[in-house]
Amino acid sequence: MANIAKIDDLHEKKEYEAEKVEVDAALSSSPNDANVLWRASRLYFELSELSSDKPSKQASVEKGLQYAKKAVEADDKNGDAHKWFAIMTSTIGDYVSTKEKIGSAASIKEHAVRSLELKPNDPSTLHLLGRWCYAISSIGWVERKLASAPTSSYEEALEYFLKADGVTPTIRNSIYIGESYTQLKQTAKAKEWYSKAASLPVSGPVEQKLHDDAVAKC
């Protein structure tokens, strides 16, 4: 029987090696449980974030995407499964061609929107949709023509980021609000949000790097 509570407790504490032991045991006992599978995907996302070795990062992302795909297949009505499939499909974009990355954009949004339908006001899904809109808005004209990219705007991205902040403020999300205001030529507003990002509590090396980035932008 999967010890979901222990997995979540270790994840909250960022004790990822101990969490991996529990996740591996859970996968062994419950290999088709969507709630175990998306947690495995979440774990491999965090492991990829912590690694500084590109091949290792990519391997973790690929593994996380596999687990997320299995989670959706196991339970199509699980909002977290759809969320992690969208997150990992987006993350794998760092390791594929621009055309492939743009080609997967519709699928990312589809699963993120489905996740939000199943789990309304989930801050990480709102942030993900903001990131999607921001990335689509940043695609160059030539790339857009070549890959038939979908459309969005920095205003739409900002709307999602602000909704996410209204639920749970985070350093990463606050930085993206600042970036959105920068793209919209609202420099004072951007500085305000970089300052907010820099003022939020830091937990772990990934957030420390985000904090440092925010301080540099203030």
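The values are calculated or read from the model by the stated rules, or taken from the named source; none is laboratory data. Quick caveat, the model's predicted, so the values are computed rather than measured. Every residue, glycine as well, gets a Cβ built from its backbone with ideal geometry; the counts of neighbours run over all protein chains shown. Each accessible area value is taken on the protein alone, full model and side chains, heavy atoms only, with ligands, DNA and RNA left out. Shrake-Rupley method; radii C 1.70, N 1.55, O 1.52, S 1.80 Å.
Volume per residue of the convex hull around the Cα atoms, evaluated for the stretch 90-217, comes out as 113 Å³.
Compared with the dominant Cα axis of the chain, that is its longest principal axis, helix 171-183 is turned about 30°.
Residues S28, S180, sorted by accessible area with the largest first, give S28, S180 [1.4 Å probe; ligands and nucleic acids excluded].
Between Q186 and E15, the modelled label-to-label distance comes to 4.3 nm, taking each label 7 Å out from Cα in the direction of the beta carbon. Annotated for the stretch 1-103: lysine pairs at least 8 residues apart or interchain, Cα distance under 15 Å, count 7. The long axis of helix 154-167 is offset from the longest Cα principal axis of the chain by roughly 50 degrees.
Computed about its Cα centre, the charge dipole of the stretch 80-146 is approximately 180 debye, with only Lys, Arg, Asp and Glu carrying charge at their Cβ. The residues of the chain expose, per residue, 51 Å² of accessible area to a 1.4 Å probe.
Highest GNM mean-square fluctuation among G93, G178, G204, for the chain modelled with Cα contacts below 10 Å: G204. Taking a point 7 Å out from the Cα of S51 in the direction of its Cβ, none of the residues of the stretch 7-24 has a backbone N less than 11 Å from it. Scanning the chain for trypsin sites (Lys or Arg not before Pro) that sit in a DSSP loop and have at most 13 other Cβ atoms within 10 Å, the longest stretch containing none of them is 78-184.
Helix 54-74 and the long axis of the chain differ in direction by around 70°, with both axes built from C-alpha atoms. Placing a label point 7 Å from the Cα of E62 along the Cα-to-Cβ direction, the residues of the stretch 94-113 with a backbone N closer than 12 Å are 95-96. Which percent of the accessible area of the stretch 90-218 is formed by carbon and sulfur heavy atoms (probe 1.4 angstrom)? Reported share for carbon and sulfur atoms: 55 percent. Placing one equal scatterer on every Cα of the chain and applying the Debye formula, the log10 ratio I(q)/I(0) at q = 0.10, 0.11, 0.17 Å⁻¹ is -0.46, -0.56, -1.33.
By definition, a body whose alpha carbon gyration tensor gives a ≥ b ≥ c is oblate when a/c is 1.5 or more and a/b is not larger than b/c, and the stretch 63-139 fits this oblate description.
For the stretch 1-52, GluC sites (Glu not before Pro) are listed when DSSP marks them as loop and at most 14 other Cβ atoms sit within 10 Å of their Cβ; the list is E15. Computed over every Cα-Cα pair of the stretch 11-107 and binned at 10 Å starting from 0, the pair-distance distribution P(r) comes out as 18, 46, 30, 6 percent.
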